[in-house]
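Working notes, beginning with the structure itself.
The values are calculated or read from the model by the stated rules, or taken from the named source; none is laboratory data. In this text, all values refer to a predicted model and were calculated from it rather than measured experimentally. Note that we place each Cβ from the backbone using ideal geometry, even for glycine, and neighbour counts take in every protein chain shown. Note: areas computed on protein heavy atoms with side chains; ligands, DNA, RNA excluded. Shrake-Rupley method; radii C 1.70, N 1.55, O 1.52, S 1.80 Å.
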Amino acid sequence: MREYLLTLCITAAVTYLLTGPVRKFAIVAGAMPEIRARDVHREPTPRLGGIAMFFGLCAGLLVADHLTNLNEVFAKSNEPRALLSGAALIWLIGVLDDKFEIDALIKLGGQMIAAGVMVMQGLTILWLPVPGVGSVALTQWQGTLLTVALVVITINAVNFVDGLDGLASGMVCIAAGAFFLYAYRIWYSYGIEAAAPATLFSAILMGMCLGFLPHNMHPARIFMGDSGSMLIGLVLAAGAISITGQIDPDALKLFAGSEKAAVHQTVPVYIPLLLPLTIIAVPAADLISAIVRRTWRGQSPFAADRGHLHHRLLEIGHSHSRAVWIMYFWSALIAFGSLAYSVNSASMWIVLGVVFLSAIGLVLLLLPRFTPRAPMWAQAFVPPRYRRRRRSVVAEPVEEVEQRTPVAVGVAGVNGATALGARSRVPERRKAESSR
């Protein structure tokens, strides 16, 4: 555990220290796109934060290779090298997209090629645990197709959710934390060495996200861009592939009996990691809803819009920071709820706890739609948003007079916005007060 924590801290430190220089480089390189219709930030912000995250990944792998116990992961498995190869390719595609905004189909092809590179080096799904059947061995083509599909789904799920400051990095950090605890439990408690690469990947992924978060929290000084979102999505998918498709479920020996019984009992543990939809359930739900919504409208599934979950939270009335923390809450609830259920699936307290926390999450989610108003006697003791608004009696006749006598363009003392459009309410109130 000490070596894993050291690797995590080194990765986080390198990512954090490099993000500042990378920000200056992004400004000089012109990687500051203009504000788009779907963006929620108000000022152009540099991208290319994935450069610092990639070098943090390289530093973490380099440190782990020189540690006593973690060095065995590199000696006995080729998965770290496969991860580095795929990560370098997907990172390069992301950097080009952050600078030149390449076509979506080209990015999709690059994602598939990066997944294929990892498959060629041994990071692939070999078998699946199926309920009531046992471990089903996959052919080379089946394993390759399933691995590529898992990588592409995870990368795009993380990329789609990267719409608010600190949202993607925080959610992936939460998912990596739950994933690390699960993989470490299989590696340490059951002595299965095949789970060591996934544990290492999760520790490095947490370090990448934790090192970048201080620069990316609202208001963000730099964005990770596609070079960062696709990179952390690939690392998360690599961990899921490593621990799900290359560990024989019968090797756990959690239950006595046949292999079928063991697999049937461990399905609540392995199915979430087979397709990590519970670990990244919120990004996956956002991805599916976006594809259905855009296809229904006759648009491309990769066309950008403002219909993502975080956009809807802002439309409901949540602030930027509160929307991010709500997404954090649901990600942590699903990820760690699945982790707790995998440890003790027979405990009713875990189910009740998840249900109770889900109810709290729904209340927090819908709170802006049910804003209470304090009574008149308590107006002075509550925040302004809970006070009852009083209508101005004098301001209404002034508005009628102004409507009858429109202001012509070019009148001295009138700016262009006021002359061409409706007057704002603030000047009207000031005029009404001065008339009194």
Checklist entry - Going by average Cβ neighbours within 10 Å, how do the peptides 66-77, 332-343 rank, with the highest at the top? => result 332-343, 66-77
Item to check | ³J(HN,Hα), Karplus 6.51/-1.76/1.60, whole Hz, each residue of segment 351-362, x for Gly, Pro | outcome: 5, 5, x, 5, 5, 5, 5, 5, 5, 4, x, 5
Checklist entry - In sequence order, what are the phi-derived ³J(HN,Hα) couplings for segment 217-226 according to the Karplus relation 6.51 cos²θ - 1.76 cosθ + 1.60 with θ = phi - 60°, rounded to whole Hz, with x for glycine and proline? => result 5, 5, x, 6, 8, 7, 9, 6, x, 5
Checklist entry - In what sequence, highest mean first, do 47-56, 83-92, 15-24, 207-216 appear when ranked by Cβ atoms within 10 angstrom? => result 47-56, 207-216, 83-92, 15-24
Item to check | J(HN,Hα) series, segment 50-66, from Karplus relation 6.51 cos²θ - 1.76 cosθ + 1.60, nearest Hz, glycine and proline x | outcome: x, 5, 5, 5, 5, 5, x, 4, 5, 5, x, 5, 5, 5, 4, 5, 9
Next on the checklist: What number results when the radius of gyration of segment 63-209, computed over Cα atoms, is divided by 2.2 N^0.38 Å?
Outcome noted: 1.12
Checklist outcome for this item: For 102-112, 149-159, ranked highest to lowest by mean beta-carbon neighbours within 10 Å, the order is 149-159, 102-112
Next on the checklist: Computing the accessible area with a 1.4 Å probe over protein heavy atoms, can you report the carbon and sulfur percentage for segment 158-222?
Outcome noted: 61
Checklist outcome for this item: With residue 224 itself left out, Lys, Arg at +1 and Asp, Glu at -1 over residues whose Cβ is under 10 Å from its Cβ give -2
